[in-house]
């Protein structure tokens, strides 16, 4: 595996498997109450430019379980927020810490931080990508379906960072990905072209959610309006109103399809309450698995 986890670029199928096997082992040890302090005495700096629930809790608790400590670094309360360059911050933090996790806006910020840091850098989310989430999602699919190979994942909604990371994963792993996005809200063009060209499975984009959801093993969605897009809320509600996972769309998928959402969810918008709270939903298991998968990533990198 690479020194950093910035995206899925450069990763091999065996790198994904290593993460998931470790995650399964760590999850089992936690459930059995067995100590697994493999990072005793190690430190993780967590830089947050965006608010967070699951990312902060899972990384902070994960480092605690592994015997290390995690430091919450809000950019507004550090010199980063007063103009210190990412290059200087990266070089300085490399003298204090054993790893950095950053949750921010621009992918370029993560890339710059990693290029100057001599310690591992983990992308906790950018506007372009969210690799930690998709690693946990695929781990959850392996748990629920026994494998991800040959599985059809249907992503319905905005072509955002979640969609982009799903496409990147499909470049490296043999599962089928179908996406349904309104015109003008497609995934990143470069990532989409790369996914179509180099995908281990297949990547297809539709306008009709029913076409994407047909015979799917997994129905997946995310909010219509992400952080920083609040001014577009009403317009996005209008444009995305037909891109909702509901009972009707679930009927188009396979009978044993599972429903996933990276959370937070807006019931009545991108997904209905009866579906996300229904028997085919695995969203809470999916959220829990952020903890186990990220612990595996931390163990491997640090």
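For segment 1-26, the set of residues classified as farther than 19 Å from residue 148 by Cα and buried (at least 17 other Cβ atoms within 10 Å of the Cβ) consists of 4, 5, 6, 7, 26, listed by residue number. For segment 135-152, a residue qualifies if it is out of contact with any strand residue (DSSP E or B) (no Cβ under 8 Å at 6 or more places or on another chain) and either closer than 23 Å to residue 204 by Cβ or assigned to a helix (DSSP H, G or I) (or both), and the qualifying residues are 135, 136, 138, 139, 142, 143, 147, 148, 149. If we scan segment 223-242, do we find a residue that is in contact (Cβ under 8 Å) with a residue 12 or more places away in the chain, in contact with a strand residue (DSSP E or B) (Cβ under 8 Å, 6 or more places away or on another chain) and either under 22 Å from residue 134 (Cβ atoms) or buried (at least 20 other Cβ atoms within 10 Å of the Cβ) (or both)? No, that holds for no residue.
When the residues of segment 82-103 are filtered to those that are part of a loop (DSSP other than H, G, I, E, B) and at pLDDT 95 or above, the one that is surrounded by the fewest Cβ atoms within 10 Å (Cβ to Cβ) is 98.
Among the residues of this structure, residue 59 counts as one that is touching a strand residue (DSSP E or B) at 6+ places or on another chain (Cβ under 7 Å) and at negative phi. Would it be correct to say that residue 288 is under 24 Å from residue 25 (Cα atoms), out of contact with any strand residue (DSSP E or B) (no Cβ under 6 Å at 6 or more places or on another chain) and assigned to a helix (DSSP H, G or I)? Criteria met by residue 288. Just wondering, is there one or more residues in segment 153-176 that are over 25 Å from residue 286 (Cα atoms), out of contact with any strand residue (DSSP E or B) (no Cβ under 6 Å at 6 or more places or on another chain) and either in a strand (DSSP E or B) or not assigned by TED's automatic domain parsing to the domain that holds residue 62 (or both)? Looking for residues that are over 25 Å from residue 286 (Cα atoms), out of contact with any strand residue (DSSP E or B) (no Cβ under 6 Å at 6 or more places or on another chain) and either in a strand (DSSP E or B) or not assigned by TED's automatic domain parsing to the domain that holds residue 62 (or both), one finds none in segment 153-176, hence no. Of the residues making up segment 112-125, those that are crowded, with 21+ Cβ neighbours inside 10 Å, in contact with a helix residue (DSSP H, G or I) (Cβ under 6 Å, 6 or more places away or on another chain) and farther than 18 Å from residue 171 by Cβ are 113, 117, 119, 120, 121, 124. With the condition kept exactly as written, say whether any residue in segment 89-105 is out of contact with any helix residue (DSSP H, G or I) (no Cβ under 8 Å at 6 or more places or on another chain), closer than 16 Å to residue 298 by Cβ and in contact (Cβ under 8 Å) with a residue 60 or more places away in the chain. Yes: segment 89-105 contains one or more residues that are out of contact with any helix residue (DSSP H, G or I) (no Cβ under 8 Å at 6 or more places or on another chain), closer than 16 Å to residue 298 by Cβ and in contact (Cβ under 8 Å) with a residue 60 or more places away in the chain.
The values are calculated or read from the model by the stated rules, or taken from the named source; none is laboratory data. The model shown is predicted, which means the values in this text are computed figures rather than measured ones. Heads up, the Cβs are rebuilt from the backbone with ideal geometry, glycines too, and the neighbour counts pull from every protein chain shown.
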